[in-house]
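See structure below.
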Amino acid sequence: MDFIAGEVLYFNKPLTWTSFDLVNKFRYKLSRKLKVKKIKVGHAGTLDPLATGVMIVCTGRATKRIDEFQYQTKEYVATLKLGETTPSFDLEKEIDAVYPTEHITREKVEEVLNSFVGTIQQIPPVFSACKVDGKRAYELARKGEEVELKSKTLVIDEMELLECNLPVIKIRVVCSKGTYIRALARDIGVALNSGAHLIGLERTRIGDITLDKCMNPEDIDAFLDEAIGDRVADEAGAVPSDK
């Protein structure tokens with residue numbers, strides 16, 4: 001594989017890692033293996049630290065394809081807790097309000113989910129990477145500053161109820177670029193005349209790339225050994241370093 005010319009790789013991002021953590025780890029290991037100080041590495045489609053799943057990582061000149069991947073349809077499996085909200089719409093922040101759920105039935109949940117399929121308007125979470133006057137919204141929100149974000153037009157292709165153990169539901173969402181599943185959880189809670197926040201999120205697909213095609217971070221060393229081996233060191237006439 002030629003990582004400088006450009007390669008496209010698929011990872012399963014672990015829980016609590018930022019997207020940058022994953023890119024940084026791979027870049028560090030790759031540069032050491034290639035014995036180069038700098039190599040361009042980027043990712044297509046940020047995942048929150050509390051989300052797991054498919055992340056596409058590009059190297060070298062393949063980073064020019066990042067926009068192409070970002071615009072591909074994405075699929076998620078999300079777990080929502082109804083009747084409770086948090087400022088971040090997920091588990092990053094503590095519960096700030098409690099709402100009734102006794103009126104919610106499986107039929108009502110399915111009806112509400114169907115109402116979101118199609119073209120919708122969504123206001124992103126204030127705890128997000130959206131920019132406000134040149135600053136990230138989450139930076140302002142974490143300082144306690146008021147943040148006002150404009151709604152965005154999105155497309156929800158599919159919404160399926162996978163499990164319904166009220167007040168917890170698990171859903172599958174197929175959506176366009178820019179969709180915040182946390183914000184979707186917020187809006188589902190409102191539509192149910194209650195509240196909701198995200199307690200689990202996994203991105204299961206980007207375009208045709210599914211989880212079964214992804215490697216885990218602990219597999220990086222073995223992957224690079226196989227993809228590169230000691231070719232670089234041999235070509236330089238150097239003695240390969242210990243693994």
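The values are calculated or read from the model by the stated rules, or taken from the named source; none is laboratory data. None of these values were measured; they are calculated from a predicted model. Cβ coordinates were reconstructed from backbone atoms using ideal geometry, including for glycine residues, and neighbour counts include every protein chain displayed. Ligands, DNA and RNA are excluded from the accessible area calculation, which covers all protein heavy atoms including side chains. Shrake-Rupley method; radii C 1.70, N 1.55, O 1.52, S 1.80 Å.
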Quick calc: nm separation of the 7 Å Cα→Cβ label points for THR18 and GLN70 -> 1.7 nm
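Normalise the Cα radius of gyration of region 25-135 by 2.2 N^0.38 Å (N = residues in it) and let me know the number. Write out the running numbers ahead of the final one.
Numbers: Rg = 19.5 Å, N = 111, 2.2 N^0.38 = 13.2 Å.
Ratio of Cα Rg to 2.2 N^0.38 Å: 1.48.
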In terms of the charge dipole of the chain, which places +1 on Lys and Arg and -1 on Asp and Glu at the beta carbon, the residue among HIS197, THR153, ALA97 farthest towards the positive end is THR153
Listed by chain and number, the residues whose amide H is under 5 Å from that of ARG205, excluding neighbours fewer than 5 places away on the same chain and using placed H, are VAL54, GLU75
The chain, Gaussian network, Cα under 10 Å: of ASP157, ASP187, ASP67, the residue fluctuating most is ASP67
Magnitude of the Cβ-charge dipole (Lys and Arg +1, Asp and Glu -1) of the chain about the Cα centre, nearest 20 debye, reported as 960 debye
Within the chain, excluding any GluC sites (Glu not before Pro) found in a DSSP loop (not H, G, I, E or B) and having at most 13 other Cβ atoms within 10 Å, the longest uninterrupted segment runs 149-243
Length gained if ASN216 through LYS150 is fully extended, taking 0.36 nm per residue and subtracting the Cα-Cα distance, is 20.2 nm
Asserting the computed 222 nm helical MRE of the chain (DSSP H runs at least 4 long, -39500 (n - 2.57) per run, divided by residue count, to nearest 500) equals -7000 deg cm²/dmol
Sparse-neighbourhood loop hits (trypsin sites (Lys or Arg not before Pro), region 22-90; DSSP loop; Cβ within 10 Å at most 16 others) -> LYS35, LYS37, LYS38, LYS40
Comparing THR179, THR63, THR153 in a Gaussian network model of the chain (Cα, 10 Å), the one with the largest mean-square fluctuation is THR153
Each label sits 7 Å from Cα toward the beta-carbon; between MET1 and ASP96 the label points are separated, in nm, by 4.2 nm
On the accessible surface of the chain, probed at 1.4 Å with all protein chains in place, carbon and sulfur together account for a percent value of 49 percent
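What FRET efficiency, computed as 1/(1 + (r/R0)^6) with R0 = 41 Å and r the Cβ-Cβ distance, is obtained for ALA227 and ARG136, rounded to the nearest 0.05? Working shown, then result.
Working: r = 34 Å, r/R0 = 0.84.
My answer for the efficiency is 0.75.
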What the Cα atoms of the chain span along the principal axes, largest first and in whole Å, is 73, 38, 30
So, for the Cα atoms of region 159-231, Rg and Dmax in Å stand at 18.0, 62
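Return the subset of LYS93/LYS152; LYS37/LYS64; LYS25/LYS135; LYS38/LYS93 for which the Cα-Cα distance in this structure is over 32 Å, preserving the input order.
Working: LYS93/LYS152 24 Å; LYS37/LYS64 21 Å; LYS25/LYS135 26 Å; LYS38/LYS93 37 Å.
Result: LYS38/LYS93 exceed 32 Å.
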